[in-house]
1. Taking Lys186 and the conditions (1) in a helix (DSSP H, G or I); (2) at pLDDT 90 or above, which numbered condition does it fall short on, given that it satisfies the others?
2. Taking the range 127-136 as the search range and keeping residues that are away from the ligand (no atom under 12 Å from the Cβ) and either touching a helix residue (DSSP H, G or I) at 6+ places or on another chain (Cβ under 9 Å) or not assigned by TED's automatic domain parsing to the domain that holds Asp103 (or both), which one is modelled with the highest pLDDT?
Amino acid sequence: MISIANITNVVLFILLTYILIYVLIYILDKSRIGRAINDLINNIINLIIGSNEVTYYTHGDIAFKNEVNSILSKSGWLKKYKITETNDPDGATIVINLTERNDMDIFHTKPQYYPNGKQIRFSVTTQSSNEKPEIFIDKDNWMNGVPESGLTLSQYREYVINHEFGHGLGYDHQKCAGMNKPEDDKYYNSNKQVLCPVMYQMTRGVPSGGIPNYKVTDKDFTERIRSRYLGIL
Ligand SMILES: [Zn+2]
């Protein structure tokens, strides 16, 4: 027999369990090990519910939107993700902005961003605990390209979208060239040069023996961001 009292107990039980889980997650959130556990739980949940469906919203003019769509419609990330554009910025998994150079200043405050004193600006993806990944594409770079990267303008655009979108999907930076392990031989060409993974920071150029690249490689799927709580990538 199901009585009102039983139903009340069940509802109370669910409510208390929910509060307990919420408090637990809050506590876990405050410590380093807790964040790692939290990330693991999130990754397992993602695996179970199959959250390989990703939507993005693009702020910017129609030319920018079109080019982003074109790049993402042939992106190597499609190998593991179903990526679609949405008209709803709030509902989007990832938000992409075309941002004026002046508005990028807040991301460029640390001296280590400028090797040899040369200020090469780059685009960023921000990630914080309760916000979705947001990509800020430096408008000057987008319009003019970056000669130091060794990429043509259209290649640079493809690189920067694939790279920042990779961060949005939760992937971290990769090393390039001599930094790779022997099993990475398949990435070398006949001149013993290596194609840099797209998650290598290519804007400032590639190390010697490296080839600038703008396509997603298999290697790009191998390094997950360890914490979702990083500020800028
Ligand atoms: Zn990056």
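The values are calculated or read from the model by the stated rules, or taken from the named source; none is laboratory data. It should be emphasised that the depicted structure is a prediction, and the values quoted were computed from it without experimental measurement. FYI the Cβ positions are ideal-geometry reconstructions off the backbone, even for glycines, and counts take in every protein chain you see.
1. Of the numbered conditions (1) in a helix (DSSP H, G or I); (2) at pLDDT 90 or above, the odd one out for Lys186 is (2).
2. Step one: filter the range 127-136 for residues away from the ligand (no atom under 12 Å from the Cβ), giving 128-132, 134.
After this cut, where a residue has to be either touching a helix residue (DSSP H, G or I) at 6+ places or on another chain (Cβ under 9 Å) or not assigned by TED's automatic domain parsing to the domain that holds Asp103 (or both) as well, the list is 129, 132, 134.
Working: Ser129: 64, Lys132: 86, Glu134: 94.
Step by step, filter the range 127-136, then rank; the result is Glu134.
Each row is one residue, and each column tells you yes or no for (1) at pLDDT below 95; (2) among the charged types (D, E, K, R); (3) within 23 Å of Pro197 (Cα to Cα).
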{"site": "Phe64", "(1), (2), (3)": "no, no, no"}
{"site": "Ser70", "(1), (2), (3)": "no, no, yes"}
{"site": "Ser73", "(1), (2), (3)": "no, no, yes"}
{"site": "Gly117", "(1), (2), (3)": "yes, no, no"}
{"site": "Phe122", "(1), (2), (3)": "yes, no, yes"}
{"site": "Thr125", "(1), (2), (3)": "yes, no, yes"}
{"site": "Asn144", "(1), (2), (3)": "no, no, yes"}
{"site": "Tyr156", "(1), (2), (3)": "no, no, yes"}
